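Beneath this line is the structure, given in structure tokens, with notes to follow.
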Amino acid sequence: MRTFLKQFLAITLTLILVLSLVPLAAADDAAASPDNAGSDYNQHGLGLLPTRPHGSTLPSEQPSNVPGLQKADLPGQYDSRDYGYITPVKDQGSYNTCWTFGAAASCEAYMIKHGVHVGENGPKADQNLNLSEYHLAYYTYTDAYDAEDMLTGDKTYFLSSHPNGTFLEAGGTGELVSYPLMRWSGLADESDVALMYSSANSAGLGSEHAYQNNVAHVTSVKHFFGSNVDEVKRHIMEYGAGSMGVRVSNTSGTAYHGGVNTSNGTICWIQSKVAYQDPGFYYADHDVTVVGWDDDFAKENFNQGYRPNNNGAWIVKNSWGTGIGDDGYFYVSYEDSATCASYISFFTVEDVDNYDHNYQYDGSGNYYNSEEMTTGDAIAQVFTANGSETLEAIALALYGDNTDYTVNVYTDCTTDDPSSGTLAATKRGNFDYWGYQTIKLDSPVTLTPGQRFSIVITFSGSDINVAYDTTIQEDTYYHVGLIHMTHPNTSYFKGVNDSGWTNKSGDGNYRVKAFTKDIPEDPVPMDLNCYALGAVYQTVSGTTGEKVTLPTSAPDADGWTFLGWVTARTPETADKPSFYQPGATFKLTSSITAVYALYMRAEAIDAPVTYELITSAPDTWVGKYVLVATPPPATRNMRSPVCPPERAAQTLKIPPPAHPPSLRAPESRGTAQP
């Protein structure tokens, strides 16, 4: 019955979605003020993609308050700018990157408000903080890189049918950007010239920037509808700011709709259609940063014909520079239909050295891949410790609100039973809203090198949907493919009435992560051998736990360019392995005793991309990227081309989103138009 209902709802939402493309009656776009078709419309990119509701919760048709939270508990006016939490207004230009600006500004506000340090041993964040939107956009739509080499081969890519096909024009959401952030591809700042937004171009970034420029880590992202007014207010006061959707385009996507006033910076459009239920509803197409509110903001400030029924507005920071609106800010009515129907995203950020390792298997993006469950169902994720560490926290991605969970951690579990072994920790709690959130253990669990440990999570609630990563091509609306590499014996499911566990690893992996810290070692002298061209090129000496500098160069190889250094834990498949730049800082540990030179053949741009451990002479090297190691791993040839889309392990059919994006081409300044 549950499967039938899900299929029925999916078909219904799809019909609503398709019919939503039919233009509204002229009356819905009438009463336009002189400001509604401003000449600057085509000068500003948009980029917010619409999202299907996760779980069974739908937005209220009108703004609503949270039961039990009285308005008297909240001030009538609040503005995070008054407390110094908000960084200056930026300009996204014509790119479809508003979603990265909304996320970055929200993270900046959280870091300033909560005193998060900028980089390891860096100063506390202040209004000079400038996180890289370019970095966020690129690593949302590219290969997955991580310090543990657990995500190699995972990637998000554009299908040939994509209307734009570049990460700067594709658009995104607060949910999509959460996946690279939770895998620690960011947050990076613009202290490196390559990561400045002014440097943004369609060629993207080198893999050396994937995580080595991080200045902080996002540990949780939660989402809920904008119609939940008091809850949005409470979170603004707690987080500093959030990422919010607004609608600025008219029904044809050719100008501002009549409720946009670029002179006084006001936005309101109360639509006659009901979101996610009626065809013809127009969803948010631009992402902004909500920094406060004013309950007394007069309804007369909004354009005639588009005025709300009551006073009150959100104060939002835009990403179109300071020359539009109120010095770059806008006021959005609480009653604006698109905002009420859009998810607001709030980000939790911690110091970059909060944990040392992120164990994970979910490297690609996500397009509504989830598994519905009932009370008593359980999932499990199994990892193997790389060193002497303590398990401090886990992270879990859930769709659906108000879900109770019980986390049990087991050590030395068997292959067929993740709940076997020794019960080492238990943690109970509740996800108030859906998202990707971190659960901190009450006491750390000690792990030894090579030790298997499992995270078993049992759920309770009426709206449980567990996100997972899998190989898929979504060519109906988003035109994006995901490649997920198989990790045998790592993900399991057990229904409330099942007698044993079902191994799900062949279908993909649940989005569950494990965060650990290294156990401090007594300083022991050690050598780090740096191999190049089949021999030790240089030895760096120090003690365990010490940070040393890797060599700034390597021997020349005819026709090849030295890129940097990679560790001994090398994956077998990669477009281009993540690497340490020449002269980078490297922490000595007893588990890593060697690094290897990575070379690129510049003249072989169109050659098959390979990644190979070899010891032969350079004239026999093949492929585009070559890792030079010695001795070879037991004569085993590790050359392995990247899995192309046509060789993806499987293609799963999933319900389509409730409203497809139709992005403008780049030359028309790009805007997401559901």
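The values are calculated or read from the model by the stated rules, or taken from the named source; none is laboratory data. Just so it is clear, the model here is predicted, and its values are computed rather than measured. Using ideal geometry, Cβ is built from the backbone for each residue, glycine included, and neighbour counts are taken over all protein chains shown. Just the protein is used for accessible areas: all its heavy atoms, side chains included, with ligands, DNA and RNA removed. Shrake-Rupley method; radii C 1.70, N 1.55, O 1.52, S 1.80 Å.
So the values come out like this:
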quantity	calculated
Spin-label zone in the stretch 484-501 - amide nitrogen under 18 Å from a point set 7 Å from the Cα of Asp416 along the C-beta vector	488-495, 498-501
For Lys113, solvent-accessible area (1.4 Å; no DNA, RNA or ligand), Å²	60
Separation in nanometres of the label points that stand 7 Å from Cα toward Cβ, at Thr585 and Asp522	2.7
Inter-label distance for Asp558 and Thr406, nm, one decimal - labels placed 7 Å from Cα along Cα-to-Cβ	6.8
Cβ-based net charge around Glu389, under 12 Å, with every Lys or Arg adding one and every Asp or Glu removing one	-4
Reachable aspartates and glutamates, given that their alpha-carbon falls under 14 Å from the alpha-carbon of Lys494 and they are not under 8 places away in the same chain	Glu371, Glu372, Asp377, Asp416, Asp417
Tensor-based shape of the stretch 151-294 (alpha-carbon gyration tensor, a/c under 1.5 rounded, otherwise prolate or oblate)	prolate
Two-site FRET efficiency, Ala298 against Ser263, from Cβ-Cβ distance with R₀ of 25 Å, rounded to 0.05	0.95
Nearest-20 debye value, the stretch 412-557 charge dipole, Cβ charges on Lys, Arg, Asp, Glu	320
Charge dipole of the stretch 290-379 about the Cα centre (unit charges at C-beta), most positive-ward option of Thr348, Asn310, Asn366	Asn310
Relative contact order of the stretch 385-531, pairs being alpha-carbon contacts under 8 Å that are 6 or more residues apart, as %	31
Candidate aspartates and glutamates for bridging to Lys273, where Cα separation is under 14 Å - those fewer than 8 sequence places away on the same chain excluded	Asp28, Asp29, Glu61, Glu335, Asp336
Candidate residues His162, His235: accessible-area rank, largest first, probe 1.4 Å	His162, His235
Euclidean distance between Cα centres, the stretch 99-124 to the stretch 424-484, Å	25
Reach of Lys547 by Cα under 16 Å, taken over aspartates and glutamates that are not fewer than 8 positions away in the same chain	Glu120, Asp353, Asp356, Asp518, Glu521, Asp522, Asp527
Relative contact order %, the stretch 323-449, counting alpha carbon pairs below 8 Å whose residues are six or more apart	26
Label point at Arg81 placed 7 Å out along Cα→Cβ; residues across the stretch 273-298 whose backbone nitrogen lies under 19 Å	287-298
19 Å Cα-Cα threshold exceeded, pairs from Lys113/Lys440; Lys113/Lys317; Lys222/Lys513; Lys517/Lys587	Lys113/Lys440
Euclidean distance between Cα centres, the stretch 270-297 to the stretch 307-323, Å	12
Peptides 178-189, 406-417 ordered by average Cβ neighbours within 10 Å, highest first	178-189, 406-417
Net length gained if the chain between Asn529 and Val548 were fully extended (0.36 nm per residue, minus Cα distance)	5.6 nm
The stretch 138-192, relative contact order in percent, only Cα pairs under 8 angstrom and at least six apart counted	36
